[in-house]
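I have placed the structure first, in the form of structure tokens, so that the comments after it can refer back to it.
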Amino acid sequence: MLLGKKRKLGRHIEEIKMGEKLSLTEKIEDKDLLLYLGLTNDSNPLYIQHDYASQTPYEKPLVPSIMLTGIITSAISKYLPGPGSHIVKQEIEFHKPVYHYSIVKFSFEVLEVNKEENRINIKVDAVNGDEEKVLDANISVCPPVKVRSMDGKALENF
């Protein structure tokens, strides 16, 4: 349990500047797909059955769109702005399918910093190994808030 222990939080709104960028590259492996599909109990044949997918316009199994969304939300939680942040709105458009074993490069950029509302807007673009755009997104995020130190009465509601 982390009660009373110092936790590392992401950056507060005052520390974030418009134009900041982050990029990360992910390779979609079988283990990642199987973990996702197992956790969600998603058995869509388009995601896991090569024989079915070969008969569709996609020709091979796809990576679930929500799994790509998870990569975006994870990057926001880990890096920009980091731990303690919370996504309040997301708009994502998927332009091309992403296939198993694909390498996807995600680019994040802070477009707006609104200190009054403690919100930042982040633009996300992702391209596949052929440099084709596979998705773009606009994400509204509340960075972590500054926490007060706990006194002897802070845990009375437990």
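The values are calculated or read from the model by the stated rules, or taken from the named source; none is laboratory data. What you see is a predicted model, and the numbers here were worked out from it, not measured in a lab. Because the Cβ atoms are built from the backbone with ideal geometry, glycine has one as well, and the counts that use them run over all protein chains shown. Remember, those area values only see protein heavy atoms, side chains included, never the ligands or the DNA or RNA. Shrake-Rupley method; radii C 1.70, N 1.55, O 1.52, S 1.80 Å.
Here are a few things to note about the model shown:
- Selection count where residues are closer than 26 Å to I122 by Cα, open to solvent by 40 Å² or more (accessible area, probe 1.4 Å) and β-branched (V, I, T), scope region 36-77: 2
- Residues (open to solvent by less than 50 Å² (accessible area, probe 1.4 Å) and in a loop (DSSP other than H, G, I, E, B)) located in region 98-137: V98, H100, S102, N118, N128
- The lone exception for S140 - which of (1) under 20 Å from I71 (Cβ atoms); (2) at pLDDT 95 or above; (3) open to solvent by 50 Å² or more (accessible area, probe 1.4 Å) it fails: (3)
- Sole exception among (1) outside any strand (DSSP E or B); (2) free of Cβ contacts under 8 Å to residues at least 60 places away in the same chain for L68, by number: (2)
- Pairs with Cβ under 7 Å, 6+ apart, first in region 97-117 and farther than 30 Å from E14 by Cα and aromatic (F, W, Y), second open to solvent by 50 Å² or more (accessible area, probe 1.4 Å) and part of a loop (DSSP other than H, G, I, E, B): Y99/K60
This table checks each residue for (1) more than 30 Å from L80 (Cβ to Cβ); (2) in contact with a Pro (Cβ under 6 Å, 6 or more places away or on another chain); (3) free of Cβ contacts under 8 Å to residues at least 24 places away in the same chain.
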{"position": "K21", "(1), (2), (3)": "no, no, no"}
{"position": "I28", "(1), (2), (3)": "no, no, no"}
{"position": "K31", "(1), (2), (3)": "no, no, yes"}
{"position": "L34", "(1), (2), (3)": "no, no, yes"}
{"position": "G38", "(1), (2), (3)": "no, no, yes"}
{"position": "L46", "(1), (2), (3)": "yes, no, yes"}
